[in-house]
1. When you go through N85, N63, N58 one by one, which is the residue that is more than 22 Å from G129 (Cα to Cα) and either under 18 Å from the mean Cα position of the chain (by Cα) or surrounded by fewer than 22 Cβ atoms within 10 Å (Cβ to Cβ) (or both)?
2. Considering the stretch 206-233 alone, what residues qualify as being surrounded by fewer than 16 Cβ atoms within 10 Å (Cβ to Cβ) and over 30 Å from N119 (Cβ atoms)?
3. If I ask for residues that are touching a Phe, Trp or Tyr at 6+ places or on another chain (Cβ under 7 Å) and either closer than 29 Å to V173 by Cα or among the small types (G, A, S) (or both), which ones from the stretch 46-66 would you list?
4. If a residue has to be basic (K, R) and open to solvent by less than 60 Å² (accessible area, probe 1.4 Å) to count, how many in the stretch 1-55 make the cut?
5. Between residues in the stretch 189-206 that are in a strand (DSSP E or B) and within 10 Å of the ligand (Cβ to nearest atom) and residues that are basic (K, R) and open to solvent by 10 Å² or more (accessible area, probe 1.4 Å), which pairs lie under 9 Å by C-beta distance while being six or more apart or on different chains?
6. Could you list, in sequence order, all residues of the stretch 179-200 that are under 13 Å from G129 (Cα atoms) and surrounded by fewer than 21 Cβ atoms within 10 Å (Cβ to Cβ)?
7. With E76, E15 as the choices, which residue is charged (D, E, K, R), assigned to a loop (DSSP other than H, G, I, E, B) and in contact (Cβ under 8 Å) with a residue 40 or more places away in the chain?
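The values are calculated or read from the model by the stated rules, or taken from the named source; none is laboratory data. Being a predicted model, the structure only gives us computed values, none of them experimental. When we count neighbours, we look across all protein chains shown, and the Cβ atoms used for this are built from the backbone with ideal geometry, even at glycine. Just so you know, the surface numbers come from the protein's heavy atoms only, side chains and all, with ligands and any DNA or RNA stripped out. Shrake-Rupley method; radii C 1.70, N 1.55, O 1.52, S 1.80 Å.
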Amino acid sequence: MKYLVFETKKEASKEAYKILKSLINENSTLGLATGSTPTDLYEEMIKDHKEGNYSYKNIKSYNLDEYVGISYDHPESYHKFMDVNLFDHIDIDKNNTHVPDASAENLDQALENYQNELNNTTIDVQILGLGGNGHIGFNEPGTPFNSGVHVIDLKEETIKANSRFFNNDVNLVPKQAVTMGINDIMKAKHIILLAFGKEKKAAIKNLIDSDIVDESIPCTVLKKHPSVYVLVDKEADFRN
Ligand code: F6R
C-alpha cells in the first residue's frame with residue numbers, strides 16, 4: 001500500500017489523476033465513486049480531456065453505489081451526480097457507464113443484474129472515498145468481506161454526514177443504498193482511495209497505522225489487496 005500526504009485536496013487529486021492515468025489505457029474499465037471526495041479528481045479528468053489529451057470513447061465505468069428511494073432526477077442521486085460532475089463533460093458513451101439501478105421495480109433482479117455485470121468484467125482501477133466509520137462504497141461496519149452487490153441500511157453516522165447534501169435534514173437522507181460488495185471492490189486490479197478532512201483521520205489511522213483487518217472497519221480489508229494507493233490531505237493524515 002502506498003500512502004501519500006498532500007497539503008490540499010486539490011494537490012492530492014492532481015497526483016491521483018497522474019496515478020490513474022499511469023494505470024489505464026483508453027480501453028480500460030473504471031470503478032467510480034461519488035460524494036465530495038472525488039470531485040477534484042473528476043475536474044482533473046475533465047480538464048485533461050478538454051485539452052485533448054484523453055478520450056473516454058472506449059472507457060467503461062461501474063459506480064459503487066446508489067441511494068434507494070430517490071429518483072434518478074433527484075439532484076443528489078448518484079446517477080445525477082455522475083452526469084453533472086463527470087459524464088456530461090467527457091466523451092464517454094453513456095451506454096458504457098453503469099450505476100446501480102436502485103429505483104428498479106424489481107430490486108432483487110436489479111441487484112442480480114449488476115452482480116452479473118460485475119462478474120463479467122474486470123475493473124482496472126477502482127476509485128474509493130472513505131466513510132468516517134471506515135465504510136468503502138456503502139459497505140458499512142459489519143459488512144462481510146465476501147459480500148457482493150446488496151442493499152445496505154445506512155448507519156446513523158453516515159446519514160448524519162450525508163445530510164449536508166440534503167439541506168442538513170437527516171429526514172431527507174435516504175436510509176438505504178445499493179452498493180457493490182467488498183468482494184467486488186477487492187477484485188479491482190488497482191485501487192485509489194482518497195480521504196480529505198479530519199473526519200477521515202481515525203479511519204485512515206486504522207488503515208495505515210494498525211494491524212487491524214476486521215469487518216467492523218471495512219476499509220481495513222484493503223490491507224489484503226496487492227495494489228492500493230491512499231492519498232490524503234494533511235487533515236486526514238493520522239499523524240496530525
Ligand atoms: C460514494 C461512496 C462513499 C463515500 C463516502 C465518503 O460513492 O461510496 O463511500 O465515498 O461516504 O463521502 P464523502 O466523499 O462525501 O466524504
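1. Every option except N58 fails the conditions.
2. From the stretch 206-233, those surrounded by fewer than 16 Cβ atoms within 10 Å (Cβ to Cβ) are 209-214, 216, 223-224, 226-227; that's our starting set.
D209, S210, D211, listed by residue number.
3. From the stretch 46-66, those touching a Phe, Trp or Tyr at 6+ places or on another chain (Cβ under 7 Å) are 48-49, 63, 65-66; that's our starting set.
The answer is N63, D65, E66.
4. 1
5. Correct list of pairs: L194/K9; A195/K201.
6. Looking only at the stretch 179-200, we keep the residues that are under 13 Å from G129 (Cα atoms), and these are 185, 191-197, 199-200.
Those that are under 13 Å from G129 (Cα atoms) and surrounded by fewer than 21 Cβ atoms within 10 Å (Cβ to Cβ): G197, E199.
7. So the residue among E76, E15 that is charged (D, E, K, R), assigned to a loop (DSSP other than H, G, I, E, B) and in contact (Cβ under 8 Å) with a residue 40 or more places away in the chain is E76.
Quick grid of which residues meet (1) open to solvent by less than 20 Å² (accessible area, probe 1.4 Å); (2) acidic (D, E); (3) in contact with a Leu (Cβ under 6 Å, 6 or more places away or on another chain):
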position	(1), (2), (3)
E76	no, yes, no
H98	no, no, no
A102	yes, no, no
Y114	yes, no, no
T121	no, no, no
I127	yes, no, yes
N146	no, no, no
V151	no, no, no
E156	no, yes, no
